[in-house]
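All remarks here apply to the structure that follows.
The values are calculated or read from the model by the stated rules, or taken from the named source; none is laboratory data. These numbers were taken from a predicted model, which means no experiment stands behind them. Backbone-built Cβ (ideal geometry, glycine too); neighbour counts: all protein chains shown.
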Amino acid sequence: MIKTLAELLLFLGLLAGGLYLLQPWMVFMPSREIAQTPGDWGLAYEELWLRARDGVRLHAWYLPQPGAHQVLLFFHGNAGNISHRRSSLEIFHRRGLAVLILDYRGYGRSDGRPSEAGLYRDATAAWDYLVGTRGIAPGAIVIFGRSLGGAVAARLAAEVQPAGLILESTFSSVPDLAGALYPVLSHITMLRYRFDTVSALSAVRCPVLVLHSREDDIIPYALGQRVYEAAHPPKAFQDLIGDHNGGFLLSPGYEQGLAQFLAHTNGTAFPSYLSAEPATVFP
């Protein structure tokens, strides 16, 4: 029995060690190839090279919008790169927004290797560009984050003063997500990442819109609810339909909900539906 126990402990130790080493490849799934550009989609854009405060060079696109009153700062999920965000960029263009979207370090044409601290620096570099270089007022910038990008967006919003924060299909924290998806394995290995959206939201004071699907096949709906509960009012919750990657395209009320939220981050008073309780669930 002692031998069996020792073998079991050895196996668990090797498993925990292997999972610890594999976590960067489980969390970050970058693609280097830029498949298309906004020009291929008929959208005007500027190609940018930003510099993070630690010196890492970052590739980004700025999509201008004549007459726009707001700029959307877009943080994408953990896979692919900015060239895979055509549908979202077209949606925001239809909504009359200028958009800045960047690739995190190690993604697309950006230099470096991804890390949690590095992604936070990349987000700050994008904000610094909009406010410092382009001269855009913080109150005219809405921060948007999808999936992993939601944790990055929330962290940035906790440090600056944007007009609003949109968190789509986002988890409450990596430990929460690991516990939900891998309840046993999450207890035998040390997690290398936190990406603690809930903790960041405690310091966010701008209006927040949370969107999540009950059918999300990657991030459980309950974690989206936890994100909403952590946000300070004014806030709203929008139910999506469909899976993690396609829910925003399948949900009939998606653009309507965005439009309602954006309209009230643009210098006008917030209506009653953006109250703390109960949550508003758009169709």
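Looking at 150, 139, 112, just one residue is surrounded by fewer than 24 Cβ atoms within 10 Å (Cβ to Cβ), within 27 Å of residue 259 (Cβ to Cβ) and either modelled with pLDDT under 95 or not hydrophobic (A, V, I, L, M, F, W, C) (or both), and that residue is 139.
Each row is one residue, and each column tells you yes or no for (1) under 12 Å from the mean Cα position of the chain (by Cα); (2) under 24 Å from residue 80 (Cβ atoms); (3) in contact (Cβ under 8 Å) with a residue 24 or more places away in the chain.
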{"site": "121", "(1), (2), (3)": "no, yes, yes"}
{"site": "135", "(1), (2), (3)": "no, no, no"}
{"site": "143", "(1), (2), (3)": "yes, yes, yes"}
{"site": "165", "(1), (2), (3)": "yes, yes, yes"}
{"site": "172", "(1), (2), (3)": "yes, yes, yes"}
{"site": "178", "(1), (2), (3)": "no, yes, no"}
{"site": "192", "(1), (2), (3)": "no, yes, yes"}
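Within the range 261-283, take every residue that is closer than 26 Å to residue 77 by Cβ, in contact with a strand residue (DSSP E or B) (Cβ under 7 Å, 6 or more places away or on another chain) and not hydroxyl-bearing (Ser, Thr, Tyr) and give me the one that is modelled with the lowest pLDDT. Applying the filter and picking the extreme gives 282.
Beta carbons closer than 6 Å, at least 6 apart along the sequence or on distinct chains, pair a first residue in the range 67-82 that is in contact (Cβ under 8 Å) with a residue 24 or more places away in the chain with a second that is part of a loop (DSSP other than H, G, I, E, B) and among the hydroxyl-bearing types (Ser, Thr, Tyr) for 77/147; 80/31; 81/31; 81/107.
Here residue 221 clears all of (1) at pLDDT 95 or above; (2) touching a Leu at 6+ places or on another chain (Cβ under 9 Å) except the condition numbered (2). Filtering 163, 157 for residues that are closer than 20 Å to residue 74 by Cβ and surrounded by fewer than 24 Cβ atoms within 10 Å (Cβ to Cβ) leaves a single hit, 163.
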